[in-house]
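One structure is given here, and the rest of the page talks about it.
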Amino acid sequence: AVLVESLLVFTVVLWVHAVVWDRFSWCALALAVQAFYAQFKWDRLLQLGGAVFQFRGAANSGLLPASMVIPLLGVVMKERCRAAGIVYFERFGVVVASTGMLLALFLSVLAVGITKPVPTNTCILTGVAGSVIIYTMKHSLTVSEVIEVLEVLLIFVYLSMILLYLLPRCFTPGEALLVLGGVSFVLNQLIKRSLNVIEGRGDPIDFFLLVAVVGVVLLGLFFTVLFIFLDSGTWISSMFFHMMTAVLGLGVIMPWLYRLIQRNPLFWLLQFLFQTQTRLYLLVYWTLLAASACGVVFYQNAKRSSESKKHQASTITRKYFHFIVVATYVPGLIYDRQLLHVAAVLCLAVFVFLEYVRYFRIKPFGQTLRDLLSLFLDERDSGPLILTHIYLLLGMSLPVWLFPRSCAPKGTLPGAGALVPYSGVLAVGVGDTIASVFGSTMGEIKWPGTKKTFEGTMTAIFAQIIAVALILIFDSNVNLNSSYAWILASVSLVSLLEAYTTQIDNLLLPLYLQILLMA
């Protein structure tokens with residue numbers, strides 16, 4: 001299974017390399033070869049219990065698929081913005097690619113360093129790949145860009161040491177690279193933009209995303225350290241939690257956002273949300289869908305109480321939420337993508353805040369949330385945090401947040417790139433959902449080395465093709481320009497990756513589909 005997963009990732013890298021064919025695509029190819037060897041060292045460390053931190057069990061390290069996401073995103077973003085003539089974002093793509101390669105190299109060097117005896121061949125490959133990447137960076141990046149890349153690496157190192165210690169068994173090494181690497185990059189971007197504020201420069205919705213992500217992370221770190229010394233389950237601690245949340249929100253996050261957008265954040269948000277009648281209709285519709293999702297949770301818990309305390313939600317029941325998320329995102333993508341962008345950020349902040357309330361048992365809702373959400377746990381929620389629903393939201397939202405709007409003059413990219421914002425809907429909302437439902441109910445032929453079925457994968461591919469046809473009918477902005485073969489190949493490759501990966505597919509699959517569609 002690991003070898004097939006690696007073969008699929010190599011196929012993606014080679015496709016992107018064939019399209020781009022520059023020094024950075026060659027570096028990505030060298031990094032993929034090096035990560036393939038380093039991945040087996042991490043897998044051995046995990047099996048023997050020799051890794052520095054406690055990582056999520058029942059999965060391989062996932063180093064290769066995770067290592068290639070950020071570099072490939074940077075490479076394809078650079079090419080799209082170069083074709084559009086937007087030099088600033090072309091250079092931004094170069095920084096993203098370089099940062100991703102350096103973070104992946106750091107994880108590989110860490111695995112090689114703690115493996116005993118020292119693996120000679122992997123050391124040589126890591127040295128060669130590192131030399132190629134550093135040589136390319138030396139001749140491609142300016143001094144300020146090199147400093148920016150090193151800043152992200154430094155933030156990643158410290159953030160990894162803190163969070164992987166505080167949150168054992170929540171991530172695999174690959175998932176830690178993706179999540180903590182992303183948070184490190186966002187934090188560095190926020191610091192950089194805060195120090196270089198130019199009035200009227202930058203989109204407020206981008207600043208809103210940066211401040212929200214950094215705000216919830218800092219909030220979590222603050223309370224984690226605080227509740228080492230206090231019992232978080234008492235009423236006094238709970239009142240202090242709510243009071244400090246308000247203080248940090250109104251005293252730190254709001255002024256920070258005010259400095260960036262140069263206006264009152266609350267007034268800006270209210271004006272933005274209720275700017276048009278379409279937005280009002282969408283907000284009402286999304287509120288009804290959120291209420292229906294809550295209804296599913298309460299109904300399933302009532303069913304558990306009447307039947308058995310050990311009752312767990314089935315795969316099909318969990319996929320109800322995927323259908324609800326698809327029904328949420330598709331109208332937003334068709335009618336108002338900016339509103340969807342901001343609403344997804346708000347939803348992420350709420351999800352993370354509620355997870356803090358559940359994890360710290362904050363009164364009055366902490367224990368209630370623990371009881372309600374325990375019904376929907378699966379083997380991937382083996383750590384102290386429940387992250388599956390947050391990964392689902394991230395998988396649907398990242399293609400919207402990472403869409404290079406400035407490099408798409410008409411609001412959409414040409415050809416298959418027009419489907420980039422729909423990557424989460426196609427890969428997770430449609431593909432993963434259909435594969436799970438049909439695979440668990442009608443699947444008989446299993447893929448070698450996995451629990452996934454051939455029938456599930458084939459129906460997922462077919463369902464995504466139908467979804468693309470429906471998008472063409474209902475979204476007039478999408479014009480594929482006869483790139484149907486590339487779309488079919490991309491959807492098929494990502495569906496096969498879903499069958500073989502042991503990583504969090506809600507997070508990984510949309511990013512790989514976005515890379516292929518942007519390429």
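Distance in nm between label sites at THR287 and LEU269, each 7 Å beyond Cα in the beta-carbon direction?
The two pseudo-label positions are separated by 1.6 nm.
Can you pull the accessible area of HIS139 for me, 1.4 Å probe, Å² to the nearest 10?
Per-residue accessible area (HIS139): approximately 100 Å².
In region 1-199, if the dipole is taken from +1 on Lys/Arg beta carbons and -1 on Asp/Glu beta carbons about the Cα centre, which of GLY74, GLY130, LEU180 is farthest to the positive end?
With unit charges placed on the Cβ atoms, the residue in question is GLY130.
Of ALA290, SER406, SER423, which is farthest on the positive side of the dipole of the chain, counting Cα position, with +1 on Lys and Arg Cβ, -1 on Asp and Glu Cβ, and the Cα centre as origin?
The residue sitting most towards the positive pole is ALA290.
For region 1-141, what is the relative contact order in percent, using Cα pairs closer than 8 Å and at least 6 residues apart in sequence?
Numbers: 149 pairs, mean separation 40.3, N = 141.
Value for region 1-141: 29 percent.
Under a point-charge model restricted to the Cβ atoms of Lys and Arg (+1) and Asp and Glu (-1), what is the dipole moment magnitude of the chain relative to its Cα centre, in debye to the nearest 20?
Numbers: 34 positive and 26 negative charges, 95 e Å.
That gives the chain a dipole magnitude of about 460 debye.
If you roll a 1.4 Å probe over the heavy atoms of the protein chains, what accessible area per residue do you get for region 1-199, in Å²?
With the other protein chains kept in place, region 1-199 gives 42 Å² per residue.
Determine the dipole magnitude for region 1-199: charges of +1 sit on the beta-carbon of Lys and Arg, -1 on that of Asp and Glu, nothing else is charged, the reference point is the Cα centre, and the result goes in debye to the nearest 20. Please report the intermediate quantities before stating the final value.
Working: 13 positive and 10 negative charges, 45 e Å.
For region 1-199, the charge dipole is close to 220 debye.
Given H placed on each backbone N at 1.01 Å, which residues far from LYS363 in sequence or on other chains put an amide H within less than 5 Å of it?
SER238
Output wanted: per-residue J couplings in Hz (rounded whole) for region 81-89, from phi through Karplus 6.51 cos²θ - 1.76 cosθ + 1.60, θ = phi - 60°, x for Gly and Pro.
The phi angles translate into 6, 5, 5, 7, x, 9, 5, 4, 7 Hz.
Any idea what the dipole of region 144-269 comes to, in debye rounded to 20, about its Cα centre with Lys/Arg Cβ at +1 and Asp/Glu Cβ at -1? Walk me through the numbers on the way to the answer.
Details: 6 positive and 8 negative charges, 42 e Å.
Using only the charged Cβ atoms, the result is roughly 200 debye.
Calculate for the chain the 222 nm mean residue ellipticity that helices alone would give, adding -39,500 (n - 2.57) per DSSP H run of length 4 or more and normalising by residue count, nearest 500 deg cm²/dmol. The partial results should precede the final answer.
On the way: 20 runs with 379 residues, N = 519.
Computed ellipticity for the chain at 222 nm equals -25000 deg cm²/dmol.
Could you sort 155-164, 367-376 so that the peptide with the highest average Cβ count within 10 Å comes first and the rest follow in order? Show your work: numbers first, answer last.
Working: 155-164: 17.7, 367-376: 15.7.
Listed from highest to lowest mean packing, they are 155-164, 367-376.
Points 7 angstrom from Cα along the Cβ direction at GLU444 and TYR320: gap in nanometres?
Roughly 3.1 nm, to one decimal.
Rank these residues by their accessible area, most exposed first, probe 1.4 Å: ARG82, ARG405.
Details: ARG82 120, ARG405 75 Å².
So the residues, ranked largest to smallest area, are ARG82, ARG405.
Given R₀ = 41 Å, what would the calculated FRET efficiency be for ASN479 paired with LEU280, taking r from the Cβ atoms and rounding to 0.05?
Values: r = 29 Å, r/R0 = 0.71.
The formula returns an efficiency of 0.90 here.
Please report, as a whole percent, how much of the solvent-accessible surface of region 219-275 comes from carbon and sulfur atoms (probe radius 1.4 Å).
Working: 2640 of 3530 Å².
The C+S portion of the solvent-accessible surface of region 219-275 is 75 percent.
So between SER406 and GLU379, what do we pick up on full extension, going 0.36 nm a residue minus the alpha carbon distance? Please report the intermediate quantities before stating the final value.
On the way: separation 27, 0.36 × 27 = 9.72 nm, distance 4.02 nm.
The span from SER406 to GLU379 would gain 5.7 nm if fully extended.
Give me the percent of accessible area attributable to carbon and sulfur for region 1-199, probe 1.4 angstrom. Mind dumping the intermediate values first?
Numbers: 5860 of 8450 Å².
Looking at region 1-199 in its full context, I get 69 percent from C and S.
For a quick check: with amide H placed at 1.01 Å from N, whose amide H comes under 5 Å from THR453's, ignoring anything fewer than 5 positions away on the same chain?
TRP447
Not counting ligands, DNA or RNA, and with a 1.4 Å probe, what is THR234's accessible surface area in Å² rounded to the nearest 10?
Here the accessible area works out near 50 Å².
Quote the accessible area belonging to LYS446 in square angstrom, nearest 10, computed with a 1.4 Å probe and with ligands, DNA and RNA left uncounted.
About 120 Å², rounded to the nearest 10.
What residue among SER476, THR457, GLY395 has its Cα farthest toward the positive end of the dipole of the chain, where the charges are +1 on Lys, Arg and -1 on Asp, Glu, each on the Cβ?
GLY395
Can you compute 3J(HN,Hα) from phi for each residue in region 349-358, using the Karplus curve 6.51 cos²θ - 1.76 cosθ + 1.60 with θ = phi - 60°, rounded to whole Hz and x for Gly and Pro?
4, 5, 4, 5, 4, 5, 5, 4, 4, 5
What does the C-alpha gyration tensor say about the overall shape of the chain? Classify as rounded when a/c is under 1.5, otherwise prolate if a/b is larger than b/c, or oblate.
Details: a/c = 1.14, a/b = 1.12, b/c = 1.02.
Verdict is rounded for the chain.
Please state the relative contact order of the chain as a whole percent: Cα pairs under 8 Å, 6+ residues apart?
18
Give the separation of the Cα centroids, region 210-286 to region 23-53, in Å.
Going from one Cα centre to the other spans 37 Å.
Please label the shape of region 146-238 as rounded, prolate or oblate, based on the square roots a ≥ b ≥ c of the eigenvalues of the alpha-carbon gyration tensor (a/c under 1.5 means rounded; beyond that, a/b larger than b/c means prolate, else oblate). Walk me through the intermediate numbers first.
Details: a/c = 2.51, a/b = 1.44, b/c = 1.75.
Judged from the Cα gyration tensor, region 146-238 comes out oblate (a/c at least 1.5, b/c at or above a/b).
Return the lysines within reach of LYS319: Cα separation strictly under 22 angstrom, same-chain partners fewer than 8 residues apart disregarded; answer none if there are no such residues.
In chain and number order, the partners are LYS303, LYS309, LYS310, LYS446, LYS451, LYS452.
For labels at LEU248 and ASP22 in the simple 7 Å Cα→Cβ model, what's the distance in nm?
Output for this residue pair reads 4.0 nm.
From the phi of every residue in region 431-443, what ³J(HN,Hα) in whole Hz does the Karplus formula 6.51 cos²θ - 1.76 cosθ + 1.60 yield, where θ is phi - 60° and glycine or proline is x?
Using θ = phi - 60°, the values come out as x, 5, 5, 5, 4, 5, 5, 6, x, 7, 9, 10, x Hz.
The values are calculated or read from the model by the stated rules, or taken from the named source; none is laboratory data. From a predicted model like this one, the values you see are computed outputs, not experimental measurements. Note that we place each Cβ from the backbone using ideal geometry, even for glycine, and neighbour counts take in every protein chain shown. Keep in mind that these areas ignore ligands, DNA and RNA; they rest on the heavy atoms of the full protein, side chains included. Shrake-Rupley method; radii C 1.70, N 1.55, O 1.52, S 1.80 Å.
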